[in-house]
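Only one structure is covered here, and it is reproduced in the block below.
The values are calculated or read from the model by the stated rules, or taken from the named source; none is laboratory data. Everything numeric in this text was worked out from a predicted model, so none of it was measured. Cβ placement follows ideal geometry from the backbone for every residue including glycine, while neighbour counts extend to all protein chains displayed.
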Protein chains: 2
Amino acid sequence: MTHANRDTQRTPAHTRSQVLAHALNLFTGRGYFNTSVHDIAHASKVSVGSIYHHFKGKEGVARTLYEELLVQMTEEITYIMRNHATARSRCRAITELLFSMTIETPETMEFMLYAKHREFLPDELPICSSKPFLMMNELVAQGMEAGEILPMDPTVATACLFGGSIRLITGYLDGVLEQPLPEYLEETWSCGWRAVAVV
Amino acid sequence: MTHANRDTQRTPAHTRSQVLAHALNLFTGRGYFNTSVHDIAHASKVSVGSIYHHFKGKEGVARTLYEELLVQMTEEITYIMRNHATARSRCRAITELLFSMTIETPETMEFMLYAKHREFLPDELPICSSKPFLMMNELVAQGMEAGEILPMDPTVATACLFGGSIRLITGYLDGVLEQPLPEYLEETWSCGWRAVAVV
DNA sequence: TTGACTAGAACGAACGTTCATTCTATTCTC
DNA sequence: GAGAATAGAATGAACGTTCGTTCTAGTCAA
């Protein structure tokens, strides 16, 4: 009888999204290796068999999460690139994006910035070779050609421009910041930009 | 008869150091959860039982590694604090230390900067609350009082000052840098210091 | 009726840990 | 100084558990 599930959605799309949401929660909360497929099934109120039907297994769930996340991030950055003209304005917008994503979807941010993907997704490239990170590099290189950013190795410029923000964000995710994260935005941005800007 | 081990040392100290060295190698190479106690035993040519005798188990090996590493790092920074007077000189020396440690003992650096300790050492504080990191914070705060560093939140200053270096180091450990790491030192330092220095 | 989907019991391999035993070097006794 | 006694160290087979995965039976919509 269908009684037990009368009021819970059982569409494939709903199943997929439930699994992904709870897997993200568990992966970031306890870590990938401290989370079993049975844990995910239990948390998302979905059977183990369903998880294997939709994703090919535990690694498939993680891979799907990772890919969706990179796509989302790429879209956000693409949007910023279209709506801002100067390197300064673009970098500022990206910094704001990183901070606000951290507040709104900390688990997503943690999974992207902080997880060691290569331990459980062996074929994956390191995150800094991924599309959104390459776009940030590219944007900095363009800013350099345009004379907005000091001439130097673009890798160094990108690292220094966003390195402070990323450290503050990981500090926030670790729960070691004294103030709410947004209060650090202005100073962090000033420092990052001052590090590389042509005066 | 002692024949089989005639030419291999079997002192407790030797056993301990063998286990620690090979465990560090395996933990950083494949990750903590992809390394079994039997792997460590096999790699260090020591029995599983010995590992349990000296460390209380797999987690004990990791904890010992982590603690020894923080002690070493604390000593290095203490030494720098004693031998340099200004914040600028001290921060420069720490940046050089981070770079040279990365070249000389990349596994140590990876285990310190890059591993997710809290996944396998549940009681441990996040690395940024550890002694050496707190010392760096303190040093920056002093530099601010002395007027060498722009007045701002010390957490932000520390993050921006060293954030670029740390990102380059993790890039190196991921194998994504085009140039040898030392070639990035000067530019990275310049950016970091420019981000926070009083002009 | 078919085919996509769900369910959860069952499976086998791998893991961390334990333990009874053996080895080795030092200390004690005479 | 020879031999017994002791304690720390080392061994690896065995154990119980957990995990990722598979499998078979069943459900539901079109």
Original post:
Being part of a helix (DSSP H, G or I), within 30 Å of B:Gly164 (Cβ to Cβ) and under 16 Å from the mean Cα position of the chain (by Cα), is that true of even one residue in region B:81-88?
Top reply: no
Original post:
Which of the residues that make up region B:53-65 are closer than 13 Å to B:Pro12 by Cα and surrounded by 14 or more Cβ atoms within 10 Å (Cβ to Cβ)?
Top reply: B:His54, B:Phe55
**OP:** May I ask you to list the residues in region A:150-176 that are more than 7 Å from chain B (Cβ to nearest Cβ), in contact (Cβ under 8 Å) with a residue 60 or more places away in the chain and within 21 Å of A:Ser89 (Cα to Cα)?
**Re:** A:Leu161, A:Phe162, A:Ser165, A:Ile169
**OP:** State yes or no: is A:Gln9 at pLDDT below 95, loosely packed, with under 13 Cβ neighbours inside 10 Å, more than 14 Å from chain B (Cβ to nearest Cβ) and within 12 Å of DNA strand C (Cβ to nearest atom)?
**Re:** yes
**OP:** Please give the number of the condition A:Gly147 fails out of (1) within 11 Å of chain B (Cβ to nearest Cβ); (2) surrounded by fewer than 23 Cβ atoms within 10 Å (Cβ to Cβ); (3) small (Gly, Ala, Ser).
**Re:** (1)
Original post:
Is region A:16-27 home to any residue that is within 14 Å of chain B (Cβ to nearest Cβ), near DNA strand D (Cβ under 8 Å from one of its atoms) and under 23 Å from the mean Cα position of the chain (by Cα)?
Top reply: no
Original post:
Could you give every pair whose Cβ atoms fall below 9 Å, whose first residue belongs to region A:36-50 and is within 14 Å of another protein chain (Cβ to nearest Cβ), and whose second residue is charged (D, E, K, R) and near DNA strand D (Cβ under 9 Å from one of its atoms), counting only separations of at least 6 or pairs across chains?
Top reply: A:Ser36/A:Lys58
Subject >> Top-ranked residue of region A:111-144 - restricted to ones that are surrounded by fewer than 16 Cβ atoms within 10 Å (Cβ to Cβ) and of a type in the set (A, V, I, L, M), ranked as farthest from A:Leu168 (Cα to Cα) >> reply: A:Leu125
Original post:
With A:Glu145, A:Glu183 as the choices, which residue is more than 20 Å from the chain's Cα centre (by Cα) and under 22 Å from B:Pro154 (Cα atoms)?
Top reply: A:Glu183
**OP:** Give region B:68-88 a look and list any residue that's surrounded by 13 or more Cβ atoms within 10 Å (Cβ to Cβ), out of contact with any Lys or Arg (no Cβ under 9 Å at 6 or more places or on another chain) and of a type outside the set (A, V, I, L, M), or say none.
**Re:** B:Glu68, B:Gln72, B:Glu76, B:Thr78, B:Arg88
Original post:
Does A:Ala87 count as in contact with a Gly (Cβ under 7 Å, 6 or more places away or on another chain), more than 10 Å from DNA strand C (Cβ to nearest atom) and more than 14 Å from chain B (Cβ to nearest Cβ)?
Top reply: yes
